[in-house]
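First up is the structure itself, then whatever we jot down about it.
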Amino acid sequence: MVYYVCWLFLAPIASMIPALQQSIQTFVVVYITLIIVGELSAGTVYQHFFGVANSLFVVAYLIFSLNSATVSMTYQGVVLMVDLRLFLVIAMLLGLLGLGKSMLQAINFASKKAEQTPI
Amino acid sequence: MDIPIKMIDIVTIISWIFLIIFSVSAVYSIKDLTFNFGVSQLGTTSDGKILFSLPIEIANKGYYNVGLFNVTTIVLAENSSVIAEGSTLIPTIGKGETVTVLHNMTFDVAHLLQFNQSYLFNDTQLNTVESVSMRLGGFIPVQASGNFSIPWGAPLYNFKLGEPQYTVLNFTHMQVTVPMSFDNHATVDITGEAQIRMYNSTNELVGFDRIDIEALQHSHYGGNLRLYAVTSSVTQTGWFELRLQIGLFNYGPVVIPYG
């Protein structure tokens, strides 16, 4: 839902950046796939592994897609540059927070499993 | 541990939604930032420089304030040296506000002539780098820049000194007339004076004259420099020394041999 709403705003800019649409679609597809696979493995420790993988994917995707965190494009002889460093830092912190949450969930799951296992 | 995990989950999701919506809407706001350029004005400063003023109207119809709005113009000579530079800064343009500023740039013709005196006599194009930078929502720095050319009109285009005309006034003195003409292709009026000195073959100063020059922008100037010399001092060969002292620049001395 968020993707479709945001795409309404980004559509005019996508015409200036040819790779933007494909890049965002790739991210959405992989992200949703990891969520679906995680839900399919619900009740197992693999659910949390996929959660960790999801968070790592978000962080890695941001780093590789934004390169030096400055996006440059040329339009009709004018060079437009957007500095997304602060955005990248905040997004990475949120990604790491998600990673920490997934690891806590995995630890919580493992500890509950250990409590249930009769000695 | 379930409750803290849930809390972290909720905070993360809400933060992501806010971050994405803010970033997308901030970048989208760029298209609601409009610029209108007024008619540029040219004048001269008290220290003899050309002042270029361009009124710019900026309308912020986006969702957020625009911070640190800066317009910078850099004019470059042929060898990429900086001839002139001007910068205008607006600390904040509020949401829904329209701001009009004067973008000023001073242009030192004397400094330009240090790079190449042909700028006095030849029309050309000057390379200009224009850049606009701002912070969307005080958070996302954005910069747009482009290279342009602006025409340079030579103030002394087609500068000519005609052949000296000698007229005997009486038994002792003669009049030497040197016609001078040029086309002022510059966008400013030229006012100043021309001085001419006549020397004979023994380096003796035999005559001197000065005339006021007034040439409107994009107009032709024609005038005569008249020296009164003692006939006995004038030799078959010698030279004229011409100097131009215009408010914006000085030119010369130019040595023109005769004979």
Provide the per-residue ³J(HN,Hα) series for segment B:242-253, in order, calculated from phi with Karplus coefficients 6.51, -1.76, 1.60 and θ = phi - 60°, each as a whole number of Hz, with x at glycine and proline positions.
-> 10, 10, 10, 10, 9, x, 8, 7, 10, 10, x, x
For segment A:61-119, count the residues as N, evaluate 2.2 N^0.38 Å, and divide the Cα radius of gyration by that value, please.
-> 1.99
With springs connecting C-alpha atoms under 10 Å apart, model chain B as a Gaussian network and identify which of B:Phe107, B:Phe18, B:Phe240 has the largest mean-square fluctuation.
-> B:Phe18
Calculated from DSSP H runs of 4 or more alone, at -39500 (n - 2.57) each and per residue, what is the 222 nm mean residue ellipticity of chain B, nearest 500?
-> -4500 deg cm²/dmol
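Based only on other Cβ atoms within 10 Å, what is the fewest-to-most ordering of B:Leu120, A:Leu97, B:Leu42? Could you put the intermediate results ahead of the total?
Working: B:Leu120 20, A:Leu97 17, B:Leu42 14.
By the 10 Å Cβ count, ascending: B:Leu42, A:Leu97, B:Leu120.
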List the residues whose amide H sits under 5 Å from the amide H of B:Ile83, counting only those 5 or more places along or on another chain, with H placed 1.01 Å from N in the peptide plane.
-> B:Val75, B:Leu76, B:Ala77
Among A:Leu34, B:Asn127, B:Ala144, flag the residue with its Cα farthest along the positive direction of the charge dipole of the protein assembly as shown, charges on Cβ as +1 for Lys/Arg and -1 for Asp/Glu.
-> A:Leu34
One would report the Cα pair-distance distribution of segment B:157-258, bin width 10 Å, in %, as 15, 47, 26, 11, 1
Under Karplus coefficients 6.51, -1.76 and 1.60, residue-wise ³J(HN,Hα) of segment A:23-29 in Hz, glycine/proline x = 4, 5, 5, 4, 4, 4, 5
Go through A:Ser111, B:Pro91, B:Ile13 and say which Cα lies farthest out towards the positive end of the charge dipole of the protein assembly as shown; charges sit on Cβ, +1 for Lys and Arg, -1 for Asp and Glu.
-> A:Ser111
In a Gaussian network model of chain B with springs linking alpha carbons closer than 10 Å, the residue among B:Trp152, B:Trp16, B:Trp239 that fluctuates most is B:Trp16
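Around B:Pro155, what is the net charge, scoring Lys/Arg as +1 and Asp/Glu as -1 over all other residues with Cβ under 10 Å from its Cβ?
Numbers: positive: none; negative: B:Asp183, B:Asp189.
It works out to a net charge of -2.
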Under Karplus coefficients 6.51, -1.76 and 1.60, residue-wise ³J(HN,Hα) of segment A:35-52 in Hz, glycine/proline x | 5, 4, 4, x, 5, 5, 9, 4, x, 10, 5, 5, 4, 6, 4, 5, x, 5
Give me the distance in nm between label points sitting 7 Å out from Cα along the Cα-to-Cβ direction at B:Lys95 and B:Gln245, one decimal.
-> 6.1 nm
Listed by chain and number, the residues whose amide H is under 5 Å from that of B:Thr235, excluding neighbours fewer than 5 places away on the same chain and using placed H, are B:Ser201
Amide proton proximity set for B:Gly62, modelled H, under 5 Å, gap of 5+ | B:Gly96
Counting only pairs 8 or more places apart or on different chains, how many lysine pairs in the protein assembly as shown have C-alpha atoms closer than 14 Å?
-> 4
What is the Cα coordinate range of the protein assembly as shown on the first, second and third principal axes, sorted by size from largest, in whole angstrom?
-> 138, 39, 30
The answer for the per residue Cα convex hull volume of segment B:32-152, in Å³, is 108 Å³
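Taken together, the values in this text are just the output of simple stated rules run on the coordinates, not laboratory data. Just so we're clear, the structure is a prediction, and the values are computed from it rather than from any experiment. We place every Cβ from the backbone using ideal geometry, glycine too, and count neighbours over all the protein chains shown.
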